[in-house]
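To start, the structure under review is shown below, and the notes come after it.
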Amino acid sequence: VQSGVLTTYTSTAIINRQVVDVIVTNASGCTATSTGITNSVFASSHANAGIGGDKCGKDFVLTALVPTAGTGTWTKVNGPGTALFTSDTHQPNAKVTVDKFGTYNFSWTVVNSTCISSEIVKVVFHDLPSINAGRDTTICKESSIQLYALGTGSFSWLPDAQLTNPNI
């Protein structure tokens, strides 16, 4: 006596709404046919979250591919702060804005009925350098002035036509 016979169909071998029957034959040669089962086959869509990267500031435009079937949704997987997706979480090219600098992982998940696919993209948000160009100053025409800026990193001045060294 055999029970629990298992057969696997691939989605390429069965079509949507196809009825499948099971026929059983016992040792005496008698056969019986089951009530048919109807299968639903949904197109699968592979999530492609696009490319992450490094960003100066707190916003980044995501670059997922539009799903061939189903609906895609952006979510924050992890990161040091909160994330807001605009114009909405279902837009492949949504802009994500975070409230804290650091490394974040975002998931682009595509759902088509029971078919689910996800991909993660990493974005590193960097703090902007601090800068202070100094005080406003009044001078006479054809005079010179010493400019003094405070901050971290390398400096350049604009416009630079009359400066002795714009990249100090």
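The values are calculated or read from the model by the stated rules, or taken from the named source; none is laboratory data. Given the structure is predicted, the values throughout are model-derived calculations rather than measurements. Note that we place each Cβ from the backbone using ideal geometry, even for glycine, and neighbour counts take in every protein chain shown. Surface accessibility is based on the protein's heavy atoms, side chains included, excluding ligands, DNA and RNA. Shrake-Rupley method; radii C 1.70, N 1.55, O 1.52, S 1.80 Å.
Report in % the part of the accessible area of the range 27-168 that belongs to carbon and sulfur, leaving out ligands and nucleic acids; probe 1.4 Å.
Numbers: 5220 of 9770 Å².
Exposed carbon and sulfur together represent 53 percent of the surface.
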Handout entry: By average C-beta atoms within 10 angstrom, highest first, the peptides 135-143, 51-59, 21-29, 155-163
Key = 51-59, 155-163, 21-29, 135-143
Exercise for the section: Would you list which lysines come within 16 Å of Lys55, measuring only between C-alpha atoms, while excluding same-chain residues fewer than 8 positions from it? Expected result: Lys95, Lys100, Lys122
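I need to check one value: relative contact order of the chain, counting alpha carbon pairs closer than 8 Å and at least 6 residues apart, in percent. Provide the component values of the computation, followed by the final result.
Numbers: 314 pairs, mean separation 30.3, N = 168.
That works out to 18 percent.
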Exercise for the section: Give the label of the value calculated from the structure for Rg/Rh (Cα atoms, Kirkwood Rh), choosing from (i) 1.40; (ii) 1.12; (iii) 0.99. Expected result: (i)
Practice task
Under a cut-off of 20 Å between alpha-carbon atoms, report the aspartates and glutamates in cross-link reach of Lys58, not counting same-chain residues fewer than 8 places apart.
Solution key: Asp88, Asp99, Asp127
Problem - Distance (nanometres) between label positions extended 7 Å along Cα→Cβ at Asn105 and Thr164 - result: 5.4
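Taking loop as defined by DSSP and a crowding limit of 15 other beta carbons within 10 Å, which chymotrypsin sites (Phe, Trp or Tyr not before Pro) in the range 41-90 fit? Present the calculation step by step, with values, prior to reporting the outcome.
Values: sites: Phe42, Phe60, Trp74, Phe85; in loops: Phe42.
Those satisfying the criteria are Phe42.
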Problem - GNM result for the chain, Cα springs below 10 Å: residue of Gln91, Gln146, Gln18 fluctuating most strongly - result: Gln146
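With every protein chain kept in place and ligands, DNA and RNA left out, what is the accessible area per residue of the range 12-168? Probe 1.4 Å, answer in Å². Don't skip to the end; give the middle numbers.
Working: 11040 Å² over 157 residues.
Result: 70 Å² per residue.
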